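**Q** First, the structure itself, so that you have it in front of you.
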Amino acid sequence: MFRFAIDPFSFFVGFATASVFWWLVAQARPLWREFRANLKEKNELAQARKSSSVEENHRRSTLRRAQGMHLAAPLFALDEIIQEPLLIIPPQIIEPGMPQPLEDVVSQTLPYLPGWPEIAAAYHAPTLTLPQALLGNANIVIIGQPGTGKTSALAHLASLAANRSEQLDTLKDAIPFLVHIADLKLPIADPKDALTPLIEAASEHTSMLDFGRLPVFYQSAFKSGNAILLVDGFDEITPEAQQVITDYFKIIIQNYPQTRIVTTGAPEYLDGLIGLGFAPLSLITWSPQQSEKFINRWGELWTQTVAMEAWAQTGPEQVDPILLNVWLSTDNINLSPLELTLKAWGAYAGDSLGPHVLESIASHIRRIAPLNTPLAALETLAMQVLLSSQPVFDPRKARTWVKSFETAEDSAEEESTDPTAAAPETTEENTTTGEAKPRKEKKGEKVAVKTASYGLIGKMAASGLLVSYPNNKMRFVHPIFAGYLAGRSLANFKEEESIINQPDWSGKYLAMRYLAAHGDASKLVQTMLEFSRLPMHRPLFAAARWLRDAPKNAPWRGKLFGTLASVLQTEGLPLNLRGQAMAAFVISNDPSAQTLFRQLSTTLSFELVQLAVIGSGAMRDSKSIQVLERAMEAPSLAVRRAACMALVSIGTNEALEAVAHTLLNGDEDIRRAAAEALANDPKEGYEMLRDGTTISDILLRRAVVYGLGRVSQPWATEILQKVQIDDDQWVVRNAATEVLEAKAHPGARAPRKLKAPSESPWLIQFAGKQGVGISPGAPATDILLLALKSGDADARLAALPYLKFTPSEGVIAQLYEAMYTDDPELREAAYNTLWELGTSGAKLPHPSQYGYN
C-alpha cells in the first residue's frame, strides 16, 4: 500500500492560486459575453453588408429589366411613357356585422364585367392602383385581354418596389423578384428547392461577384416575408403548362406563406389560381382622357428624342405633332393600349401601312422582322407554334419549321450572339438619379458569346421579333403578333378542326380572331355557337371579340349578332351575363348596335332597358338623347341612374343640360346619381360640381358632395374639407365626412384573404344558432350551404366566397339555385362565384341538369 504525504504549504498555495484564477474567470465572464456579442454583431454586420450589396444590385437589375418590358422599349423607358395602370374594384365580399365601404353610382349600376373592361372605362368605374391593391393581404392575378398592358403593369409594380416607392406604403421595403414563366425551369423535383428556379433565372442577370451570394439572399428575403414575386406570362400558356406553374405557386405559398405573388392571367382561364386564393383583378382599358394624354406624351418624347436622331433628320420632313395628334385622337375608341401604341408609332415614324388597327399591327411586324424575310416564313413559324400549342418553343425545333425559307447565307452564317441566352438589357440606369433610360446600342458593340447558328430563327431573335431565354427557349415578343401571323396563315389553310379541338388558351383564340379578320370564319363561328352554353357562354363571347376587325359583309356576323341579342334579351339571366352581350355589341362598333339599343330602351323590362341605356352611353350615341331623357323618369332607380351616366358619357351640350336639370330639380336619389355622373366629365361636369357647393339648396349641396368624392383631384378634396367644416347643415357636413373618410382609405376595398371558417365570427355565430360547431381546418361546407339557403341576406352573400373552394356537385347545384333566385343581389353574386369556378377549370354542367331552363 502506498501512502501520500500532503505538504500543507503547497496545498494552501495551490488552493489560493485556484481561487484567484476562478475569481478572475468569474470577473471576466461579463467581458467575455460582451466580446462574444461584439464578435456576433460584427459578423452580422458583415453579413448585412454583403446582403445589402446583393440587394441593391438586385434592385438595380430589376429596375433595368422592368423599364424595358414594354412594346416601345427601343424608344422610351417605361416610366417616361406609362399611364398609371388601374384595376377595376370587384364586388365587395360581405361580412355580416361589419360596415361596408361607400359605393358610388357607377359600381351600383354597372354589371361587373371583368372580361369587358371597356365598359368600365367608358363610365370611369372605381379602380385601385397596383400599390393600393396590395394593401390587402391576398395574392393577385391581373387579368385582361392580350394587349391591355398586363406586362407593363407588372413591370411598373416591379419598378416601384425596386425604387422603394412611398406609394407602396407598408410594402415600401419589399424586394421585387420579376420573372417570365419562360425563365423558370419547372417542375422541381424537391419542394425544398422551391427557390432554385428563381435563383437560376436571376443568375442570368447577376454579376459574378454576386453570383455566389444569391442563394443566401433569396432565402433571407422569402423567409422574412419581404419578397414580392412577380410572374409574367401565365396568360400566354396552355392549361397544361399553367398547371405546372400553379403547382409551383402552391409550393411557394406552403414554404413561404408571407410571400406576395402577383401574376398575369386571361379572364377566361386561370387554371388553378382561384383555388390557391388568388384574387382576379381586371386591368381597365384607357378612357378617352387617358388615350389623349398618352398621345400627347408620345408626341413630346418623340420630338425631344427620336426626332433628333440622325436617321430622322435625313429622312422625310416631320409632320407637325399637333396635326398628328389630332388625327390620332379620332377613331380610337375601344383600342387597346397596344393598338394605340402601334398606331402612334406608325404615324410618327411615317411607316404605317394604313389607318386600320390591323395595318398598324402589320406595320410593326414589318418594322421588327429581319430585313428581306418573307412574310410566309413568319406566318409559318407562328402557325406551327399554334398547331403544336407551344407558345414557348425550342429554337432548334423551330428552325426545322422555317428551314425551307433560309437562304444559303443563313445556313452558312455563324451567329456571334447566342439566341438562347437572355436578351440584353434594353435600358440603362443613370447611376446618379437611379432613373432608367433607354439603352442605346453602341457602335460596334457585340456580345462575345460563340455558339451554333440558328439561321433565320436567330435573325428573328436578333431583330426583336422573338425573345430568347436560357435552356433553349424562345417566344414571340408579344402573343398578338404570333396570333396575327398565325391567323393570316390559317386563312389560306383549312385547319379549323385542329384548332377548335385544342384546349382553351390565348394563342388559340388570338389566331381565330385574326383568321376571322382575314378569311372566312363561318365554320369556326358555327362550331363556337354549337359549343356555347349556359352558364358562361364562353365560346360565344370569345367569337364576339372578332366582330370589330372582321369584314362588315362577313356571312357569319348576322348569326352571331342574333345569338348575342337573344342572350341580352333573356329575362331571368344574371345581368353580369347579359351585360357581356351588351358589351359585345358596343365593342363591335357596328352602327346597327346603336339602333338596337335605342329600340330596347323603350321596352317594359327595366333590366333590359338598364343594359340598353348603358350600351347607348358607351357608344356615345347622340341620337339616343331623347330616349335617355325619358329613361330618367322611369320607375326603376337603376334605369334612372344608368340614364344619367349615359348622358354624361355622350357629353354634348344637350345631354349635359338634361343631367344638370335633373341635378337641380330631381328627387334626392336621382340628384346624387346626376352629381356622381357629372364627375366623369372633366370640363363641364367639374364646373357644375364646383358651382353646386355654393347653391342654397341642401339636397343639391349634399348630392354635389358625393359627386366631388369621385373626382381624384386636389381641388376637389380641398372643397370637401371646407364643406366638412363650414357648411351650415349637418347633413351636408356628414356627407363630406363620409366621402373624405373613404378617400383617406383607398386600400379598404383591396382584396383580402378569407378568414378560416373556424375563425370567422359571423359563421361561428351562425353555426351556434344551428347547434353545431366548426372544427379548425375543416371547410365547413355543410354549414355554409345552410347559410346560403337561410333567410339572412348577408349570410347568404357571405357564404358564396367560401363555397368556391369546394366545388362539389352539391355545391354547384346550390349555386345554380342561388343564381336563379328572385333576389338580384344574390343572383349576381352567385354568378360571379360560378364565373370564378369556371375560369379556374371547374366543369360547370348546363343548368338544365338541375331543372333550370
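**Q** I'd like to verify a number: residues in the stretch 513-529 that are open to solvent by 10 Å² or more (accessible area, probe 1.4 Å) and of a type outside the set (Lys, Arg), how many?
**A** Residues that pass the stated criteria total 8.
**Q** Let me ask something else. I'm trying to understand the selection: among the residues of the stretch 680-702, which are open to solvent by less than 10 Å² (accessible area, probe 1.4 Å) and under 21 Å from Ala744 (Cβ atoms)?
**A** Leu689 - this is the single residue of the stretch 680-702 that is open to solvent by less than 10 Å² (accessible area, probe 1.4 Å) and under 21 Å from Ala744 (Cβ atoms).
**Q** Could you list, in sequence order, the residues of the stretch 146-188 that are in a loop (DSSP other than H, G, I, E, B), in contact with a helix residue (DSSP H, G or I) (Cβ under 7 Å, 6 or more places away or on another chain) and not polar (S, T, N, Q)?
**A** Pro146, Gly147, Gly149, Lys172, Ala174, Leu184, Lys185, Leu186, Pro187, Ile188
**Q** Just to be sure before I move on: is His156 on the phi < 0 side of the Ramachandran plot, touching a residue at least 60 places away in the same chain (Cβ under 8 Å) and in contact with a Gly (Cβ under 6 Å, 6 or more places away or on another chain) in the structure I sent?
**A** Values: on the phi < 0 side of the Ramachandran plot: yes; touching a residue at least 60 places away in the same chain (Cβ under 8 Å): yes; in contact with a Gly (Cβ under 6 Å, 6 or more places away or on another chain): no.
The answer is no for His156.
Every residue, every condition in (1) open to solvent by less than 20 Å² (accessible area, probe 1.4 Å); (2) of a type in the set (Ser, Thr, Tyr); (3) more than 30 Å from Gln502 (Cα to Cα); (4) at pLDDT below 95, yes or no:
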{"residue": "Val231", "(1), (2), (3), (4)": "yes, no, no, no"}
{"residue": "Ile237", "(1), (2), (3), (4)": "yes, no, no, no"}
{"residue": "Tyr248", "(1), (2), (3), (4)": "yes, yes, no, no"}
{"residue": "Ile253", "(1), (2), (3), (4)": "no, no, yes, no"}
{"residue": "Thr259", "(1), (2), (3), (4)": "yes, yes, yes, no"}
{"residue": "Glu268", "(1), (2), (3), (4)": "no, no, no, yes"}
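**Q** If you take the residues in the stretch 305-328 that are under 19 Å from Pro74 (Cβ atoms), surrounded by 11 or more Cβ atoms within 10 Å (Cβ to Cβ) and among the polar types (S, T, N, Q), which one is modelled with the highest pLDDT?
**A** Thr305
**Q** With the structure loaded, tell me whether Lys523 is basic (Lys, Arg), part of a helix (DSSP H, G or I) and touching a helix residue (DSSP H, G or I) at 6+ places or on another chain (Cβ under 9 Å) or whether it fails that test.
**A** The answer is yes for Lys523.
**Q** Yes or no: Leu800 modelled with pLDDT of 95 or more, at negative phi and open to solvent by 70 Å² or more (accessible area, probe 1.4 Å)?
**A** In short, no.
**Q** Does the stretch 718-732 contain at least one residue that is assigned to a loop (DSSP other than H, G, I, E, B), surrounded by fewer than 19 Cβ atoms within 10 Å (Cβ to Cβ) and in contact (Cβ under 8 Å) with a residue 24 or more places away in the chain?
**A** The answer is yes, given that some residue of the stretch 718-732 is assigned to a loop (DSSP other than H, G, I, E, B), surrounded by fewer than 19 Cβ atoms within 10 Å (Cβ to Cβ) and in contact (Cβ under 8 Å) with a residue 24 or more places away in the chain.
Residue by residue, here is whether (1) at pLDDT 95 or above; (2) surrounded by fewer than 23 Cβ atoms within 10 Å (Cβ to Cβ); (3) within 24 Å of Thr603 (Cα to Cα) holds:
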| position | (1), (2), (3) |
| --- | --- |
| Phe531 | no, yes, no |
| Arg557 | yes, yes, no |
| Val567 | yes, yes, yes |
| Leu577 | yes, no, yes |
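**Q** Moving on. So, of the residues in the stretch 135-170 that are open to solvent by less than 30 Å² (accessible area, probe 1.4 Å) and farther than 25 Å from Ala72 by Cα, which turns out to be nearest to the chain's Cα centre (by Cα)?
**A** That would be Ile140.
Table: residues versus (1) touching a His at 6+ places or on another chain (Cβ under 7 Å); (2) at pLDDT 95 or above; (3) open to solvent by less than 40 Å² (accessible area, probe 1.4 Å).
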site: Arg366; (1), (2), (3): no, yes, no
site: Val385; (1), (2), (3): no, yes, yes
site: Gln390; (1), (2), (3): no, yes, no
site: Lys403; (1), (2), (3): no, no, no
site: Ser411; (1), (2), (3): no, no, no
site: Thr417; (1), (2), (3): no, no, no
site: Ala421; (1), (2), (3): no, no, yes
site: Glu441; (1), (2), (3): no, no, no
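**Q** Mind counting the residues in the stretch 347-364 that are of a type outside the set (A, V, I, L, M), assigned to a helix (DSSP H, G or I) and either modelled with pLDDT of 95 or more or surrounded by fewer than 18 Cβ atoms within 10 Å (Cβ to Cβ) (or both)?
**A** 4
To keep it simple, each residue is scored yes or no on (1) touching a helix residue (DSSP H, G or I) at 6+ places or on another chain (Cβ under 8 Å); (2) free of Cβ contacts under 8 Å to residues at least 40 places away in the same chain; (3) assigned to a loop (DSSP other than H, G, I, E, B); (4) open to solvent by less than 20 Å² (accessible area, probe 1.4 Å).
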position	(1), (2), (3), (4)
Asn57	yes, no, no, no
His70	yes, no, yes, no
Pro74	no, no, yes, no
Glu80	yes, no, no, no
Gln83	yes, no, yes, yes
Pro91	yes, no, yes, no
Gly97	yes, no, yes, no
Leu102	yes, no, yes, no
Ser107	no, yes, no, no
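**Q** I need a count of the residues in the stretch 761-780 that are part of a loop (DSSP other than H, G, I, E, B) and closer than 17 Å to Ala795 by Cα.
**A** Count: 7.
**Q** Filter the stretch 473-512 for residues that are assigned to a strand (DSSP E or B) and either open to solvent by 30 Å² or more (accessible area, probe 1.4 Å) or not charged (D, E, K, R) (or both); which is farthest from Ala201 (Cα to Cα)?
**A** First, pick out the residues of the stretch 473-512 that are assigned to a strand (DSSP E or B): 473-476.
Okay, now just the ones that are also either open to solvent by 30 Å² or more (accessible area, probe 1.4 Å) or not charged (D, E, K, R) (or both), so 473-474, 476.
Details: Lys473: 13, Met474: 15, Phe476: 19 Å.
Here the residue is Phe476.
**Q** Look through Pro751, Pro776, Pro757, Pro761 and report the one residue that is surrounded by fewer than 18 Cβ atoms within 10 Å (Cβ to Cβ) and in contact (Cβ under 8 Å) with a residue 24 or more places away in the chain.
**A** One residue alone meets the criteria, Pro761.
**Q** Return the pair list, or none, for Cβ contacts closer than 9 Å from residues in the stretch 169-198 that are on the phi > 0 side of the Ramachandran plot to residues that are among the polar types (S, T, N, Q) and open to solvent by less than 60 Å² (accessible area, probe 1.4 Å), at least 6 apart or on different chains.
**A** Short answer, once both residue conditions are applied: Asp169/Gln132.
**Q** A further question follows. Which residue out of Leu102, Leu135, Leu63, Leu78 is hydrophobic (A, V, I, L, M, F, W, C), over 30 Å from Gly651 (Cα atoms) and modelled with pLDDT under 95?
**A** The match here is Leu135.
**Q** I'd like the residue in the stretch 623-654 that is closer than 19 Å to Gln289 by Cα and either part of a helix (DSSP H, G or I) or touching a residue at least 60 places away in the same chain (Cβ under 8 Å) (or both) and, out of all such residues, is most open to solvent (accessible area, probe 1.4 Å).
**A** Asn653
The values are calculated or read from the model by the stated rules, or taken from the named source; none is laboratory data. Computed from a predicted model, the values in this text were never measured in an experiment. Note that we place each Cβ from the backbone using ideal geometry, even for glycine, and neighbour counts take in every protein chain shown. Calculation scope for accessible area: heavy atoms of the full protein, side chains included, ligands and nucleic acids excluded. Shrake-Rupley method; radii C 1.70, N 1.55, O 1.52, S 1.80 Å.
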